[in-house]
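Undergrad: Structure incoming, see below.
Read the figures in this text as sums done on the coordinates, not as results from a lab. The model shown is predicted, which means the values in this text are computed figures rather than measured ones. Backbone-built Cβ (ideal geometry, glycine too); neighbour counts: all protein chains shown.
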Ligand SMILES: NC(=O)c1ccc[n+]([C@@H]2O[C@H](COP(=O)([O-])OP(=O)(O)OC[C@H]3O[C@@H](n4cnc5c(N)ncnc54)[C@H](OP(=O)(O)O)[C@@H]3O)[C@@H](O)[C@H]2O)c1
């Protein structure tokens, strides 16, 4: 694990403060080069102050590891606290809106304890802090996956940008991951023919047998053009692009007139030190009059609960299934991040803190 160093703002052990809470947090000290490494981080302890009115004190139960962490940290000046979503239990509250014992989700970063002003959230929260609705029999960790940011990415990104219609053909890459597995299932709910590309034969079996994808191909071994000819004889209407790179150029060259592409991410290059060169896409876009739109899911922050409740309803109706890859221990955050980037996960990768 990374070195533990005392934070400059930590109070000394002799401060004598009652209910002293020591939070641990990951600080990135140098920009990633290639795969993230444990030596890129230090773990810092900081003592948290007493709560003020409107604030809550939370203890993390599940921390998320997501591809955007690899891609976004490049924008931060070093050193920087590591970003990320978490599901946390409220252990102290001075907000009338949040009882002790409830669960909240928010972008608190890779840290064990947080103080959050629930009544007046700060602008640096990428997504609003939410008290979790009753998930019934489902684990609260789903607030980081199917019932959280990735679930809303699939829900809004697919429905709003691809606007799939029954009978159309939808292709999704990164198909066995948190967003991709969800996109494909919504595609089936909406009556589409769904084709997924994922990184192993086992993942492809899961997509077809468990999730009802019509076709799934291992992009590491399949000929992508032949796969598309076989699975999409009427060509592709909607493409949900999670990976970028050459496979996306090939898929776009196999689309129908007025096809729609939701550009969600480009994980195929996140760990690359130089950007890849891929086949030109403009002729496909021009001649088939394609519509491509990139998006960040926070665009729908004002409709957040709509996505969560729609996905929860489908989950309860048995129309959405999920898997989680659970890593264990706050000390293993970097292993979890690297594992997810390498494709160890089917479904959502999360870390159970204790
Ligand atoms: N725009 C937004 O607001 C937004 C929000 C959330 C996520 N995203 C994007 O959506 C994509 C999926 O995110 P997620 O959270 O659902 O992650 P995820 O798919 O659960 O996990 C990442 C997966 O990427 C795949 N992968 C790794 N290297 C790859 C490569 N070279 N080529 C193709 N696939 C590769 C691996 O699966 P395999 O075994 O299949 O390789 C791995 O399991 C990412 O690009 C992410 O940045 C965007």
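Undergrad: What ranking do 49-59, 197-207, 70-80 get when scored by the average of other Cβ atoms within 10 Å per residue, highest first?
TA: 197-207, 49-59, 70-80
Undergrad: Could you rank the peptides 326-339, 251-264 by their average count of other C-beta atoms within 10 Å per residue, with the highest value first?
TA: With the highest mean Cβ count within 10 Å placed first, the list reads 251-264, 326-339.
Undergrad: Follow-up. Mean separation of Cα pairs under 8 Å and 6+ residues apart, divided by the residue count of the chain: what relative contact order is that in percent?
TA: 16 percent
Undergrad: Can you give me the Kirkwood hydrodynamic radius for the chain, using every pair of distinct Cα atoms, in Å to one decimal?
TA: Kirkwood hydrodynamic radius for the chain: 21.3 Å.
Undergrad: Only helical DSSP H runs with n ≥ 4 go in: add -39500 (n - 2.57) per run for the chain, normalise by residue count and round the 222 nm mean residue ellipticity to 500 deg cm²/dmol. Don't jump to the answer; show the numbers that get you there.
TA: Values: 9 runs with 80 residues, N = 354.
Calculated from helices alone, the mean residue ellipticity at 222 nm is -6500 deg cm²/dmol.
Undergrad: Then there is this: Relative contact order of the stretch 149-298, please, whole-number percent, based on alpha carbon pairs below 8 angstrom and at least 6 residues apart.
TA: It comes to 22 percent, rounded to a whole number.
Undergrad: Considering only DSSP beta bridges where both residues belong to the stretch 149-298, give the percentage that are antiparallel (nearest 5).
TA: The answer is about 0 percent antiparallel.
Undergrad: Ok, one more. Angle, helix 304-316 long axis vs. longest principal axis of the chain, Cα atoms, 0 to 90°, nearest 10?
TA: 70 degrees
Undergrad: Please state, rounded to one decimal and in Å, the Kirkwood hydrodynamic radius that the stretch 170-212 gives when every pair of distinct Cα atoms enters the mean of 1/r.
TA: Kirkwood hydrodynamic radius for the stretch 170-212: 9.8 Å.
Undergrad: Same structure again: Rounded, prolate or oblate: which fits the stretch 278-354 when a ≥ b ≥ c are the square roots of the eigenvalues of the alpha-carbon gyration tensor, with rounded for a/c under 1.5 and prolate only if a/b beats b/c?
TA: Note, shape of the stretch 278-354 comes out oblate.
Undergrad: Among 161, 127, 146, which comes first, second and so on when ranked by fewest other beta-carbon atoms within 10 Å?
TA: Going from least to most buried by this count: 127, 161, 146.
Undergrad: Let a ≥ b ≥ c be the square roots of the eigenvalues of the Cα gyration tensor of the stretch 200-347; is it rounded (a/c under 1.5), or, if not, prolate (a/b larger than b/c) or oblate? Intermediate values should be presented prior to the final figure.
TA: Working: a/c = 1.44, a/b = 1.30, b/c = 1.11.
The shape class here is rounded.
Undergrad: Still on this structure, I have one more. Enter the angle in degrees (range 0 to 90, nearest 10) between the Cα long axis of helix 178-189 and the first principal axis of the Cα atoms of the chain, meaning the one along which they spread out most.
TA: 50 degrees
Undergrad: So, one more: What whole number of Å gives the distance from the Cα centroid of the stretch 173-214 to the Cα centroid of the stretch 97-119?
TA: First find each Cα centre; the distance between them is then 33 Å.
Undergrad: Tell me, in nm to one decimal, what length is gained between residue 120 and residue 75 on full extension, where the rule is 0.36 nm per residue of separation less the Cα-Cα distance?
TA: Value of the extension gain: 13.6 nm.
Undergrad: Could you give P(r) for the stretch 92-244, binned at 10 Å from zero, as whole percent values over all Cα-Cα pairs?
TA: P(r) over the stretch 92-244, rounded to whole percents: 10, 33, 26, 18, 11, 2, 0.
Undergrad: Moving on to the next point. Indicate the gyration tensor shape class of the stretch 134-214 (rounded, prolate or oblate), computed on the Cα atoms with a ≥ b ≥ c the square roots of the eigenvalues: a/c under 1.5 is rounded; otherwise a/b larger than b/c is prolate and the rest oblate.
TA: oblate
Undergrad: On to the next question. How many angstrom lie between the C-alpha centres of the stretch 332-351 and the stretch 218-291?
TA: So the two Cα centres are separated by 25 Å.
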